[in-house]
Every structure is written in C-alpha cells, then in structure tokens.
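For reference, the structure discussed in these notes is given below.
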Amino acid sequence: MPKRILQGVVVSDKNDKTVVVNVERRFKDPLLKKIVRRSKKFHAHDESNVAKIGDIVKIRECRPFSKLKKWEVYTDEA
C-alpha cells in the first residue's frame, strides 16, 4: 500500500530529531458551499535535524517511532 505524503510548515523544532508540522487542507463545505480551511499538527521524525521553524516540508507516513511520531520528513531524491 502506498504511503501518504503531506506538505506543511514546521512550527516547532525544539525536540531532538523531531519536528512538529502544521498541515492545512481546504475543502468545499457541502451545506454552505464555501471553501473551509482546516489544519492539523503532526509530529515527524527528522533524523539529521535539518528542518527549521518556517520551512515548508513534506512528510511521509512510516512505522511508529514513538507514541506521537508516525511520520518522517521526506525528501524526494531518487
């Protein structure tokens, strides 16, 4: 099964090898027919501590690293 990839902004890098990424999604409300924005924060594993606050990063679903960390910072070099 393919792993999900999301894009968001780093809002915290205080923890070692961990960043908190705010991912925003937009959708049309079925009743009001307006565009609605919803955001969620994900804890992601950053092995080399390269992401800093304000960076736009991609995160990929992975095995659980801890109770909250089930995502990793993803770079598409291939």
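Bear in mind these aren't lab numbers, they're just calculated from the coordinates by the rules spelled out. Note that the coordinates shown come from a computational prediction; the quantities given were computed from them, not determined experimentally. A quick note on method: Cβ atoms are made from the backbone with ideal geometry, for glycine too, and the neighbour counts reach across all protein chains shown.
Within a Cβ distance under 10 Å of residue 49, other residues only, what is the Lys/Arg minus Asp/Glu net charge?
On the way: positive: 17, 52; negative: 13, 16, 46, 47.
Taking every Cβ under 10 Å from that of residue 49, the sum is -2.
Just want the ordering: 29, 46, from fewest to most Cβ atoms lying within 10 Å of their own Cβ.
On the way: 29 9, 46 22.
The order, fewest Cβ neighbours first, is 29, 46.
Using only the alpha carbon atoms of the stretch 5-74, find the Kirkwood hydrodynamic radius as the inverse mean reciprocal pair distance, in angstroms to one decimal.
Working: mean 1/r = 0.0789 Å⁻¹.
Result for the stretch 5-74 stands at 12.7 Å.
May I ask you to list the chymotrypsin sites (Phe, Trp or Tyr not before Pro) in the chain that are in a DSSP loop and have at most 11 other Cβ atoms within 10 Å of their Cβ?
When the chymotrypsin sites (Phe, Trp or Tyr not before Pro) of the chain are filtered for loop state and at most 11 Cβ neighbours within 10 Å, nothing remains.
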